[in-house]
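Colleague: Here you go, one structure.
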Amino acid sequence: MSTSPLLEELGRRVRELRRERGMTQHDLADASGVSLRFLGQIESGDGNVSLSRLAEVARGLSVSVVALLGGASPAEEPALALARELLAQRTPA
C-alpha cells in the first residue's frame, strides 16, 4: 500500500514521542483507547487517522494534537502545515 508523506510524518512523530516517553505500542494503546492494530497502522503511515482518533493518541502521549503535527516545516509538507493551522484553531489551549 502506498502511503502519503503526511501520514508517514505523522506516524514517525507518534513513534518518536512514544519512544521518548518509554512507552510500548501496547502502553500507548491502553492510554489512548486506540486499538493496538490501528496504532501500528498509524505509526507505519498506513492508518488514515481521523481528528478524534488523533486527539485520543495525543491524550495518550500527554501532548497536544498540534504537537503531534510539529515535525515538518511548511516547506517540507504543505498539507501538514495546513492541518497544523486548522488544528491550532480547533484545539483548546
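The values are calculated or read from the model by the stated rules, or taken from the named source; none is laboratory data. Bear in mind the structure is a predicted one, so any value in this text is a computation, not a measurement. All Cβ positions, even for glycine, are placed from backbone atoms using ideal geometry, and neighbour counts span all protein chains on display. Only protein heavy atoms, including side chains, enter the accessible area calculation; ligands, DNA and RNA are left aside. Shrake-Rupley method; radii C 1.70, N 1.55, O 1.52, S 1.80 Å.
Colleague: So what is the accessible area of region 1-41 per residue, in Å², with the probe set to 1.4 Å?
Modeller: 60 Å²
Colleague: Would you mind calculating the gained length between Arg90 and Thr3 on full extension (0.36 nm times residue separation, minus the Cα-Cα distance), in nm to one decimal?
Modeller: 28.7 nm
Colleague: Output wanted: per-residue J couplings in Hz (rounded whole) for region 37-47, from phi through Karplus 6.51 cos²θ - 1.76 cosθ + 1.60, θ = phi - 60°, x for Gly and Pro.
Modeller: Computed from phi, the couplings for region 37-47 are 4, 5, 4, x, 5, 4, 5, 8, x, 9, x Hz.
Colleague: Put a dot 7 Å past each Cα toward the Cβ at Leu82 and Arg19; how far apart are the dots in nm?
Modeller: Going from the Arg19 label point to the Leu82 one covers 3.0 nm.
Colleague: Taking region 1-72, how much of its Cα-Cα pair set, in percent, is spaced more than 13 angstrom apart?
Modeller: 59 percent
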